Structures are given as structure tokens and as C-alpha cells.
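First comes the structure, then the notes that go with it.
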Amino acid sequence: MADDCRAAGGCDTHHHEERPQESNLLSKVAQTKASRRAFIKGVIASGAAMGASGYLFRAGEAQAQARVPGAVERLVSLKVNGQTRRVDVLPHETLANTLRYKLGLTGTKLACDRGECGACTVMANDSTIYSCTTLTHAVADREITTIEGIAKNGQLHPVQKAFIEEIGPQCGFCTPGQVISAVALLKANPKPTVEEARRAMSGNLCRCGSYQQYLAGVMRASKEI
Ligand code: FES
Ligand code: FES
């Protein structure tokens, strides 16, 4: 009976429980949108998103890597994001492991760990490389750029802004690698065709299927550069 009254707009006879008002629901939707935008900005700027279980698993894997019998660390000076970072590196250590677990640059993601997905993409002297299949010692003489080094003086790179505008990231896990590939492309070819951009981004897989949004972001950024 009470529901019938409510459907008819309420009455003075029955006690009607408070239900979430439409305005409350709308404000919740607005909050969700705002927090999603904040999430995307975090991902874009520093690659802050991560799959927690994968992250912990990989940390254990990195420790296991350190237990290879007879392996001895050697001190190297790495140039990362414009800074010289001195770090002890094993002979068989990958750049992804050095960046993430020794230098704390966790914006670079590890997913397949076998050169297939592009999540770990970084730049070495402006060329993109998969850091999961690159030995750290092999690039000790190169300038490494990770997602943490893309924004300058608190200002997002045009690619980062364009990815936000086009709502490229969904879960955000692949985003740091996508940003790096797009930035490297536009350095080498500031005005790519759509087909050139598609080919340049083809080494970065996205499980969420945001390929069109990322591509649109690259083309939008190319107009700003
Ligand atoms: S984690 Fe390096 S290519 Fe997938
Ligand atoms: S945004 Fe989720 S994997 Fe690309």
C-alpha cells in the first residue's frame, strides 16, 4: 500500500521511509565522474594505477631473480629522467626490475614480462624499448625516460593532456606505456598520419580495448606540438 501511495506521489496516511532522493543519486554520479577524472590524471602523470596482485607477485619475482647462484651486483650510474642514479645491478637484471624495485619508478608496468604487451615501454635516447626484455647494463650509457619524466615543471605533456581529453585510459594499466610510445612517435614525427600513428602504437596492447581513444589522443596531441 505504501508503495502504491509513493508511486502516486505520496499521501498523508502512511509512513513512508526515506529513500535516496534523485538529487542524491545525481550527486553520487557526479562524484564518481570527478573521482574517475582524478584517477585518469594520476595514471597519466605518473602511472600510479596498478593491478595489486600482479604488482606483489612481480616484487617476489624480482627477489627471486636476485637469488641466482653466483650472480654479483655491480654498481652502475644510470641516467634516468635527467638524473644520474647510482644503483647495484645484477648481470642478468632487466631494466624494468631496476626501475621498479631499485629506483622506485613504479610507473613502468610489468605485465607479460616477455616483450609482448608494451606495458613496460620506456625511452632510451628517444627510442622506445621494452624494459622487461632489456638488460640494465646494456643501456647504462643511454638516457632513459620513464613516465615519471614526461611531465615538466608540473605541466602535463600534450600527449598526456590529449589522452585525458579523449578519455583514453579505462583501467589505466597500459597507459604509461601508451604515453611513452606516443611521445616517442611525436618526437620523431610530429605530424603523423593516422596510419603512421596506428603503426607506432601497435606495440602497446590494451586489454580494455581503448585503442581508438588512444589513437585519437595521439592525433589530438600532434595538433598541439
Ligand atoms: S611487460 Fe614488457 S612487453 Fe609486456
Ligand atoms: S586501459 Fe586497461 S589495459 Fe589499457
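Regarding segment 199-206, can at least one residue be identified that is hydrophobic (A, V, I, L, M, F, W, C) and in the same structural domain as ARG86 (by TED's automatic domain parsing)? First the steps, then the outcome.
Step one: list which residues in segment 199-206 are hydrophobic (A, V, I, L, M, F, W, C), which gives 200-201, 205-206.
Now narrow it down to the ones that are in the same structural domain as ARG86 (by TED's automatic domain parsing): none.
Checking segment 199-206: not a single residue is hydrophobic (A, V, I, L, M, F, W, C) and in the same structural domain as ARG86 (by TED's automatic domain parsing).
Within the group ARG142, ARG199, which residue is touching a strand residue (DSSP E or B) at 6+ places or on another chain (Cβ under 6 Å) and either on the phi > 0 side of the Ramachandran plot or among the charged types (D, E, K, R) (or both)?
ARG142
Which of the residues spanning segment 77-125 are among the small types (Gly, Ala, Ser), touching a Ser or Thr at 6+ places or on another chain (Cβ under 6 Å) and within 16 Å of ligand 2 (Cβ to nearest atom)? Don't jump to the end; show me each part of the working.
Keep residues of segment 77-125 that are among the small types (Gly, Ala, Ser), which gives 77, 82, 96, 104, 107, 111, 115, 118-119, 124.
From the residues that got through so far, the ones that are touching a Ser or Thr at 6+ places or on another chain (Cβ under 6 Å) too are 77, 96, 107, 115.
Hit for segment 77-125 is GLY107, nothing else.
Out of the residues in segment 158-173 that are within 20 Å of GLY118 (Cα to Cα) and not aliphatic (A, V, I, L, M), which is surrounded by the most Cβ atoms within 10 Å (Cβ to Cβ)?
Among residues in segment 158-173 that are within 20 Å of GLY118 (Cα to Cα) and not aliphatic (A, V, I, L, M), the one surrounded by the most Cβ atoms within 10 Å (Cβ to Cβ) is GLY168.
Within segment 196-225, how many residues turn out to be touching a residue at least 40 places away in the same chain (Cβ under 8 Å) and loosely packed, with under 14 Cβ neighbours inside 10 Å?
The qualifying residues number 2.
Please pick out the residue among SER131, SER181 that is within 14 Å of ligand 2 (Cβ to nearest atom) and either assigned by TED's automatic domain parsing to the domain that holds THR84 or within 22 Å of THR106 (Cβ to Cβ) (or both). Break it down stepwise before answering.
Working: SER131 fails: within 14 Å of ligand 2 (Cβ to nearest atom).
SER181 is the lone residue from the list that is within 14 Å of ligand 2 (Cβ to nearest atom) and either assigned by TED's automatic domain parsing to the domain that holds THR84 or within 22 Å of THR106 (Cβ to Cβ) (or both).
Within segment 128-148, can you find the residues that are of a type outside the set (A, V, I, L, M, F, W, C) and either away from ligand 1 (no atom under 14 Å from the Cβ) or buried (at least 21 other Cβ atoms within 10 Å of the Cβ) (or both)?
Those that are of a type outside the set (A, V, I, L, M, F, W, C) and either away from ligand 1 (no atom under 14 Å from the Cβ) or buried (at least 21 other Cβ atoms within 10 Å of the Cβ) (or both): THR128, TYR130, SER131, THR136, HIS137, ASP141, ARG142, GLU143, THR145, THR146, GLU148.
The values are calculated or read from the model by the stated rules, or taken from the named source; none is laboratory data. The structure displayed is predicted, hence computed values, not measured ones. FYI the Cβ positions are ideal-geometry reconstructions off the backbone, even for glycines, and counts take in every protein chain you see.
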